[in-house]
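Student: Below is the structure I would like to discuss, written out as structure tokens.
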Amino acid sequence: SRIEKHNLHQYGNHRYTAKASDWELFLSIKADDFSHARRMELYIKKMKSAVFIRKLKDDPAEINSQVNKTR
């Protein structure tokens, strides 16, 4: 639902990435609850690394590590 909200500009249009309407889902990770999902999202964004994000997608063990690290 977050992808749909981004593409419909429900988060506003004041930030650079909010202006795009062609967002696609790249990776989905199960979270315990909303706050856990936000912690994971903020951690991934803080890494600022496309290589790190691709590694998450390619290596399920890395996903499990990140899930546990942000619990």
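Student: For the stretch 2-11, check the following and say yes or no: at least one residue is open to solvent by 60 Å² or more (accessible area, probe 1.4 Å), outside the structural domain of residue 62 (by the TED database) and under 12 Å from the mean Cα position of the chain (by Cα). Working first, answer last.
Tutor: Going through the stretch 2-11, the residues open to solvent by 60 Å² or more (accessible area, probe 1.4 Å) turn out to be 2, 4-5, 8-11.
Imposing the further condition that a residue be outside the structural domain of residue 62 (by the TED database) reduces the set to 2, 4-5, 8-11.
Now drop any that are not under 12 Å from the mean Cα position of the chain (by Cα), which leaves 2.
Within the stretch 2-11, one or more residues are open to solvent by 60 Å² or more (accessible area, probe 1.4 Å), outside the structural domain of residue 62 (by the TED database) and under 12 Å from the mean Cα position of the chain (by Cα).
Student: Filter the helices (runs of 4 or more DSSP H) completely within the stretch 23-71 down to those with at least 3 residues that are at pLDDT 90 or above, among the aliphatic types (A, V, I, L, M) and surrounded by 12 or more Cβ atoms within 10 Å (Cβ to Cβ). Lay out the reasoning, then the answer.
Tutor: Working: elements: 34-47, 50-58, 60-69.
Passing ranges, in order: 34-47.
Student: Turning to a different aspect of this structure: Quick check on my filter: what residues within the stretch 12-22 are open to solvent by 60 Å² or more (accessible area, probe 1.4 Å) and in a loop (DSSP other than H, G, I, E, B)?
Tutor: Initially, the stretch 12-22 is screened for residues open to solvent by 60 Å² or more (accessible area, probe 1.4 Å), giving 13-17, 19, 21-22.
Across the stretch 12-22, the qualifying residues are 13, 14, 15, 16, 21, 22.
Student: What is the number of the single condition among (1) within 11 Å of the chain's Cα centre (by Cα); (2) over 19 Å from residue 5 (Cα atoms); (3) hydroxyl-bearing (Ser, Thr, Tyr) that residue 49 does not meet?
Tutor: Evaluating residue 49 over (1) within 11 Å of the chain's Cα centre (by Cα); (2) over 19 Å from residue 5 (Cα atoms); (3) hydroxyl-bearing (Ser, Thr, Tyr) leaves (1) as the failure.
Student: Does any residue in the stretch 54-65 that is more than 20 Å from residue 36 (Cβ to Cβ) come within less than 8 Å, Cβ to Cβ, of a residue that is surrounded by 12 or more Cβ atoms within 10 Å (Cβ to Cβ) six or more places away or on a different chain, and which pairs are these?
Tutor: Matching pairs, first to second residue: 55/62.
The values are calculated or read from the model by the stated rules, or taken from the named source; none is laboratory data. Keep in mind it's a predicted model, so treat the numbers as computed, not measured. Ideal geometry is used to build each Cβ from the backbone, glycine not excepted, and the neighbour counts take in all protein chains shown. Calculation scope for accessible area: heavy atoms of the full protein, side chains included, ligands and nucleic acids excluded. Shrake-Rupley method; radii C 1.70, N 1.55, O 1.52, S 1.80 Å.
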